[in-house]
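Each remark here refers to the structure printed beneath this line.
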Amino acid sequence: MLRIIDDRQTEAQTEIKRISDRNNGDDVQPKEAVVREIVANVKQNGDRALLEYTEKFDRQIYTADQLRVRGSELDAAYQQISKDLLSAIQIACQKIEAFHRQRVPKSWVQFEEDDVVLGKRYTPVDRAGLYVPGGRAAYPSTVLMNAIPAKVAQVPRIVMVTPPGQDGKINPAVLVAAQEAGVEEIYRVGGAQAVSALAYGTQTIPKVDVITGPGNIYVTLAKKMVYGTVGIDSLAGPSEVLVIADEQANPVYVAADLLAQAEHDPMAAAILITTSKELAQKVQHEVTYQLAEHPRKILTEKAIANYGLIVVVDSLAEAAELSNLFAPEHLELEVAEPWDLIEQIRHAGAIFIGNSTPEATGDYLAGPNHTLPTSGAARYASALGVETFMKHSSLIQYSATALKKMSSTIQILAQAEGLPSHANSVKFRTE
């Protein structure tokens, strides 16, 4: 049953911190050792290591030339999904692309006194690697959320990796989503070995500059280990939602929203903070009711039992402070005046405003990216976006007049740092 904490602020803070730290248990170290070995093996042995791990973990035997999904399989995928699903993918693709086109950083220059020119120039990375979870499940929405920002950023080469299913094939909805988003270079490999291949390159899979996309703990640890060799979007932990609700909220909606997150994973977190004791009790009952016939009941119950929580507070201001402490991946504001409450929210990956905006709208097609910071990272990190696939170069031009005017100042600073050649590089030009 979903636990309720009523008017015990210290206990609520302790529980929220425990839930936030759920991905940092004692079992991480043995997994790190496994991932470290995989990364080193793939770095050294390339395709041979990839094929060995694919056989070991995915129980699929391939040759190197079978790793890439062929054009015939890509074409066939369109015949294997319904017209309704194709239409839904295309609608989502259009909305996500429209949103991200508004976020493209613009290069700029400004002209200052004495013909000084300063600016920034934005350019895409050469190659992006997208990791899409797979195997037992299919996530076409994850394909769109990762591929479309890379496409909008005009990355020249976009490479996707995803683990094969039990039949050795990739889910057709995933393949269709990839093509609709402009990705056709797809490899049937997953796990830490896929991340390693993207980071270092193999005989078959190219080395990339940035790796994005969520995965299990092994994928996350691999991304952490290769960071520096490549850029990454974030270290994704288990999914989470925090709902702030007042007495006007619908308990059926709130319960469904909590379960929508809990059904992802046994480690998913689902938290309600409310000013209404009556709503808390109704939501607790409704969660139990909706779970009774839930198709993913076992894992969802585990998430609710271990990382589900209802906190009753005296005010929405107190609710906002607890939310800021948790810094949730997804924050829902199911209150009468949500825009007033937003002013008190400092940390959240995505904010869903009002009773008609369940988190599922953002998961699939609202437009903003659903690849978001988790485990408190929203305190300093943001959603995946076009910027993830771009970098900027500073532009600096001094005229002879400007350099002479600043010569003395630059030389004083250089000498203070004990760098005489820095000073001379200016001095020789201005004497």
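The values are calculated or read from the model by the stated rules, or taken from the named source; none is laboratory data. Please read these numbers as outputs of a predicted model, since none were measured by experiment. Glycine gets a Cβ as well: all are built from the backbone with ideal geometry, and neighbour counts include every protein chain shown. The protein model used for the area step is the full one, side chains on, heavy atoms only, and it has no ligands, DNA or RNA in it. Shrake-Rupley method; radii C 1.70, N 1.55, O 1.52, S 1.80 Å.
Which pairs, out of 56/169; 17/282; 83/169; 43/169; 120/207, put more than 23 Å between their alpha-carbon atoms? Listed pairs above 23 Å: 17/282; 43/169; 120/207.
When the Cα positions of 9, 327, 186 are compared along the charge dipole of the chain, 186 comes out farthest toward the positive end, with charges on each C-beta of Lys, Arg, Asp and Glu.
A crude spin-label estimate for the pair residue 123 and residue 430, with each label 7 Å from Cα along the Cβ direction, gives 3.0 nm.
Do me a favour and compute the ellipsoid semi-axes for the chain from its Cα gyration tensor, root of five times each eigenvalue, largest one first, whole Å. Can you show the working numbers first?
On the way: eigenvalues 326, 210, 93 Å².
Whole-Å semi-axes of the equivalent ellipsoid: 40, 32, 22.
Considering only protein heavy atoms, what is the solvent-accessible area of residue 396 at a probe of 1.4 Å, reported in Å² to the nearest 10? In the full protein context, residue 396 sits at about 130 Å².
To the nearest 20 debye, what is the magnitude of the charge dipole of the chain about its Cα centre, counting +1 on the Cβ of each Lys and Arg and -1 on the Cβ of each Asp and Glu? Present the calculation step by step, with values, prior to reporting the outcome.
Details: 41 positive and 53 negative charges, 369 e Å.
Once rounded to the nearest 20, the dipole reads 1780 debye.
The share of Cα pairs per 10 Å bin across segment 275-431, counted from zero up to the longest distance, runs 9, 23, 24, 11, 11, 11, 8, 4, 0 percent. With all protein chains present, how much of the accessible area of segment 303-368 (probe radius 1.4 Å) comes from carbon and sulfur, to the nearest whole percent? Here carbon and sulfur together make up 53 percent of the probe-accessible area. The calculated FRET efficiency for residue 292 paired with residue 361, based on their beta-carbon distance and R0 = 45 Å, is about 0.95.
Taking every protein chain into account, the 1.4 Å probe leaves residue 21 with about 90 Å² of accessible area, to the nearest ten. Here residue 427 is the anchor, and the lysines within straight C-alpha reach of less than 24 Å, apart from those fewer than 8 places off in the same chain, are 404, 405. Here r is the Cβ-Cβ distance between residue 317 and residue 65 and R0 is 51 Å; the resulting FRET efficiency, rounded to 0.05, is 0.25.
Note that segment 140-208 presents 26 Å² accessible area per residue, ligands and nucleic acids not counted, probe 1.4 Å.
Largest to smallest in accessible area, the residues 398, 307, 122 fall in the order 398, 122, 307 (1.4 Å probe, all protein chains included). Of the residues 104, 40, 118, the one whose Cα sits farthest towards the positive end of the charge dipole of segment 26-144 is 104 (charges of +1 on Lys and Arg Cβ, -1 on Asp and Glu Cβ, taken about the Cα centre). With protein chains left intact and a 1.4 Å probe, residues in segment 324-370 average 43 Å² of accessible area per residue. Across the chain, the relative contact order, built from alpha-carbon pairs under 8 Å that are at least six residues apart, equals 21 percent.
Just the projected area, averaged over all directions, of the convex hull on the alpha carbon atoms of segment 29-100: how many nm²?
Values: hull surface 33.2 nm².
Mean projected area of the Cα convex hull: 8.3 nm².
Amide H contacts under 5 Å for residue 352: 331, 332, 333, restricted to partners 5 or more places along the chain or on a different chain, H placed in the peptide plane at 1.01 Å from N. Residue farthest toward the positive end of the dipole of segment 333-427, with Cβ of Lys/Arg at +1 and Asp/Glu at -1: which of 349, 418, 371? Positive-most Cα among the choices belongs to 418.
Taking 7 Å steps out from each Cα toward its Cβ at residue 417 and residue 343 produces label points 4.3 nm apart. Each residue of segment 117-127 was assigned a 3J(HN,Hα) from its phi angle through the Karplus expression (A = 6.51, B = -1.76, C = 1.60, θ = phi - 60°), giving 10, 10, x, 9, 10, 9, 9, x, 5, 6, 9 Hz with x at Gly and Pro.
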